[in-house]
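Some notes on the structure that comes next.
Nothing in this text is a laboratory measurement; each read-out follows from the coordinates by a stated rule. As the structure is a prediction and not an experimental result, all values here were calculated from the model. No Cβ is skipped: glycine too gets one built from the backbone with ideal geometry, and neighbour counts run over all protein chains shown.
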Amino acid sequence: MEKQTTLRVLDPTATPSIATAGMAERPDSLAGKRVGLLSNDKLNSELLLDAIYDVLADRFDVAAAYRFNKGDASRPARPEVLSDFSTEVDVALLANGD
């Protein structure tokens, strides 16, 4: 006699939720803001950030771009790097290339 097995099917869909705890406030406008572009040294990450910045610069009167490449995709940026970066910018964009 064969042993019967039960197949349990799960529904992977769920109601999406957006985590907001610990997030910085968004500015009302990018006008006059210094935009930080933090890349992780993966292929195309800097190109992606530059393309996004070009769109923002066309649409908003941003003050400047501050670019930094943290140099290692597998490790977080050093705390002193992030501290320096955060004093130079009003808003930050981060990219992961490939």
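Summary table
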read-out	value
Helix-only mean residue ellipticity at 222 nm for the chain, each DSSP H run of n ≥ 4 adding -39500 (n - 2.57), per residue, nearest 500	-8000 deg cm²/dmol
Rounded to whole Hz, the Karplus (6.51, -1.76, 1.60) HN-Hα couplings of region 41-47, x for glycine and proline	6, 7, 3, 6, 5, 5, 5
Sites Ala57 and Ser17, calculated FRET efficiency, Cβ-Cβ separation with R0 22 Å, nearest 0.05	0.10
Cα pair distances exceeding 19 angstrom across region 34-95, given as percent	28
Neighbour-limited loop hits for trypsin sites (Lys or Arg not before Pro), the chain (at most 11 other Cβ within 10 Å; DSSP other than H, G, I, E, B)	Lys3, Arg8
